[in-house]
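Here is the structure we will look at.
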Amino acid sequence: YPVNDLNNSLGYDTIQDALYSFATYEGASVKVNLGTYLESVVITKPVLLIGENDNTTVIRNGGSGTALSVLGDNISISGFNISGSVSPGQHMGTGLLLQSAHNCTITGNLVSESDIGVQLVDSNGNIFRNNVINGNVVNLVFQDSSPNDINSSNIVGGKPYAGG
């Protein structure tokens, strides 16, 4: 299987199947193999979602909406290429959305080719390290989301993040 729960050795065809499975418990580590996953992923429980490689483990929405939504606390995401969320209407497509998400860790991801690269809404206490957020219409948006720990190891719009 391309997606595996490392805690119970169960395999899944999609990332969403693994995350919604009754057998994927809070605190589980979910490993995603190389490949392009054409899905809109929603994470609601505290898990560690690990992509094999940030260039070749792709979550691509391929349409409108959000490619990866984090709607819970204590979630970690690393090693993904998150892209392709564009929306030709009122609702903008977002690559990575954190909504009411707290104490999450986002490391080593590439977020590109979306209307909004990364959007934080009512989210705080999150840590961002070594991410590249580039090539989006708008790279980074904060809405009622402070404080978050986003340092200069993150490249936003081609430059180390300097806040603001």
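Details
- Across the stretch 121-135, coupling constants 3J(HN,Hα) worked out from phi with the 6.51/-1.76/1.60 Karplus curve, θ = phi - 60°, read 10, 6, 10, 8, x, 8, 10, 10, 9, 6, 9, 10, 10, 8, x Hz, and Gly and Pro carry x.
- Beta bridges from DSSP with both residues in the chain: antiparallel share about 15 percent, rounded to the nearest 5.
- Rounded, prolate or oblate (a/c below 1.5 giving rounded, otherwise prolate when a/b exceeds b/c) for the stretch 93-164 by Cα gyration tensor: oblate
- The residues of the stretch 60-164 present an accessible area of 42 Å² per residue when probed at 1.4 Å with all protein chains retained.
- Whole-percent carbon and sulfur share, accessible surface of the chain, 1.4 Å: 51 percent
- Net +/- balance of residues flanking Val3 in space, Cβ distance below 12 Å, scoring K and R +1, D and E -1: -4
- Residues whose placed amide H lies under 5 Å from that of Val156, excluding near-sequence neighbours: Ile133, Tyr161
- Added length on full extension, which subtracts the Cα-Cα distance from 0.36 nm per residue, Ser64 to Val138: 25.1 nm
- Residue-count net charge about Ser123 - beta-carbon cut-off 11 Å; Lys, Arg +1, Asp, Glu -1: -3
- Over the chain, relative contact order from alpha-carbon pairs under 8 Å, at least 6 apart, %: 14 percent
- Basic side chains Lys and Arg get +1 at the Cβ, acidic Asp and Glu get -1 at the Cβ, and with that the dipole of the chain about its Cα centre reaches some 280 debye.
- Residues in the stretch 1-50 average 52 Å² of solvent-accessible surface per residue, probe 1.4 Å, ligands and nucleic acids excluded.
- Positive-end residue, the chain charge dipole about Cα centroid, Cβ charges, pick of Leu97, Asn130, Thr14: Asn130
- Cα gyration tensor shape of the stretch 1-76, rounded if a/c is under 1.5, else prolate or oblate by comparing a/b with b/c: oblate
The values are calculated or read from the model by the stated rules, or taken from the named source; none is laboratory data. Bear in mind the structure is a predicted one, so any value in this text is a computation, not a measurement. Quick reminder, even Gly has a Cβ in these numbers, built from the backbone with ideal geometry, and neighbours come from all protein chains shown. Note: accessible area is taken over every heavy atom of the protein model, side chains too, but ligands, DNA and RNA are not part of it. Shrake-Rupley method; radii C 1.70, N 1.55, O 1.52, S 1.80 Å.
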